[in-house]
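What follows is calculated from the coordinates using simple rules that are stated; it is not laboratory data. This one's a predicted model, so the numbers in the text were calculated from it and none came from an experiment. Glycine also receives a Cβ, built like all others from the backbone with ideal geometry; neighbour counts cover every protein chain displayed.
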Amino acid sequence: MKVVIAGEHPFAAEVGKLCRNAGHDTKMYLVEDFMDAVDSGYIMTDLEDVDVAIELHNESQNAKQELLMWLSKSLSMDCLVLTSAIATSTTQAATWMPNQHRVVGFGVMPPIATGGVVEVAAGLNTSNDSMIWAKEFWEGLGMLPITVQDCAGLVRARSISSYINEAIGAYAEGSASIQEIDQIMKISPEAPYGPLAWADYIGLDAILGILKGLHDERGEDRYRPNPLLRRMVLSGRLGRKTGEGFYRYKQ
């Protein structure tokens, strides 16, 4: 099966690895590389005969819209489109593409591993056939698809982002150090990281995008991004991918 992935790190890289391990002919682009490829014109060849397109951008709604619109210009009308529904709903993302029936939302949060859970959500115009195909595709990657109601953030991203936002608030108020907060709030020995280290791994810009999407859709103050998170993103301290977030990393 021919698969194209466009999104941000680490989401795109981790889903791309699952696709390659499953034997799919996989082409992966980071968003900025995809836009450069659009400008150069050679992206058209890579999108020919694609069976499944996976969009994994969560940082900017405007960039997500542009990405989906460019994909829709080149993909076949029969291509299944899987769109990350953790900063915008499936229904909203589908409005930026023709043939809304082929668009299925999903939700994953890094680290993404074989055997994990992927949330799957139908938009208002998603067809049953597309939902069946999406579930079969994720199962083929070794994932467990669970159907959830369509909304920005779905279940896991909404919960994790709120957890991280609350931890950032505790740090901003001086309740404890970064290391102490991560030690205190690590949910269990099996949890991958404490909340601030997890935010660095996911990307602070992605966390901000998810919270903004939740706040825009629901209008509830509990989803309002902490001012410190906004300032860190503005300053370019995005976590591991830039070498500095709440922690410093060797590049």
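When Rg and Dmax of the Cα atoms in Å is computed from the coordinates, the matching label among (1) 20.1, 62; (2) 21.6, 71; (3) 17.7, 54 is (3).
Before rounding to the nearest 500, sum -39500 (n - 2.57) across all DSSP H runs of length at least 4 in the chain and divide by the residue total; then give [θ] at 222 nm in deg cm²/dmol. Mind showing how you got there, number by number?
Values: 11 runs with 113 residues, N = 251.
Calculated mean residue ellipticity at 222 nm is -13500 deg cm²/dmol.
Along the range 228-240 the Karplus relation, 6.51 cos²θ - 1.76 cosθ + 1.60 evaluated at θ = phi - 60°, assigns HN-Hα couplings of 5, 4, 4, 5, 5, 5, 4, 7, x, 8, 9, x, 4 Hz to successive residues, with x for each Gly and Pro. Of all DSSP-defined beta bridges confined to the chain, some 20% are antiparallel rather than parallel.
Distant-in-sequence amide contacts of Tyr247, defined by a placed amide H-H separation under 5 Å and a gap of 5 or more residues or a different chain, comprise nothing. Under the classification rounded if a/c is under 1.5, otherwise prolate if a/b is larger than b/c and oblate if not, where does the range 58-185 fall, given a ≥ b ≥ c as square roots of the Cα gyration tensor eigenvalues? Taking the square roots of the gyration eigenvalues as a ≥ b ≥ c, the range 58-185 is prolate. Given R₀ = 35 Å, FRET efficiency for Glu139-Ser235 by Cβ-Cβ distance, to 0.05? My answer for the efficiency is 0.25. In this simple spin-label model, placing a label point 7 Å from the Cα along the Cα-to-Cβ direction at both Arg222 and Ser127 gives a separation of 3.8 nm.
Its Cα centre serving as origin, the range 2-147 has a Cβ charge dipole (Lys and Arg +1, Asp and Glu -1) of approximately 300 debye. Relative to the longest principal axis of the Cα atoms of the chain, helix 31-40 runs at roughly 40 degrees. Backbone phi angles across the range 207-218, fed through the Karplus curve with coefficients 6.51, -1.76 and 1.60 (θ = phi - 60°), yield HN-Hα couplings of 4, 4, x, 5, 5, 5, x, 5, 5, 5, 6, 9 Hz in residue order; Gly and Pro are listed as x.
From most to least packed by mean Cβ count within 10 Å, the peptides 108-119, 213-224, 63-74 give 63-74, 108-119, 213-224.
Between amide H atoms placed 1.01 Å from N, distances below 5 Å from Tyr29 occur with Ile5, Ala6, Gly7, all of them 5 or more places distant or on a separate chain.
Based on Cα contacts under 8 Å between residues 6+ apart, the range 156-241 shows a relative contact order of 33 percent. For the chain, the residue among Leu196, Pro145, Gly236 whose Cα projects farthest onto the positive side of the dipole built from Cβ charges is Leu196. In this Cβ point-charge picture (+1 for Lys and Arg, -1 for Asp and Glu), the range 2-85 has a dipole of about 220 debye about its Cα centre. Applied to the range 70-84, the Karplus parametrisation 6.51 cos²θ - 1.76 cosθ + 1.60 on θ = phi - 60° returns per-residue 3J(HN,Hα) values of 5, 4, 5, 6, 10, 6, 5, 5, 9, 5, 7, 10, 9, 10, 5 Hz, with x for Gly and Pro.
Each part gets one Cα centre, and for the range 146-185 versus the range 41-102 those centres are 28 Å apart. Proximity of backbone amide H atoms, modeled 1.01 Å from N, is registered between Thr83 and Glu55, Val104, Gly105, Phe106 at under 5 Å, excluding neighbours fewer than 5 places apart on the same chain. Averaging the sequence gap over all C-alpha pairs within less than 8 Å and six or more residues apart, then dividing by the number of residues, gives the chain a relative contact order of 16 percent. What you get for the chain, charging only the Cβ of Lys and Arg (+1) and of Asp and Glu (-1), is a dipole of about 560 debye around the Cα centre.
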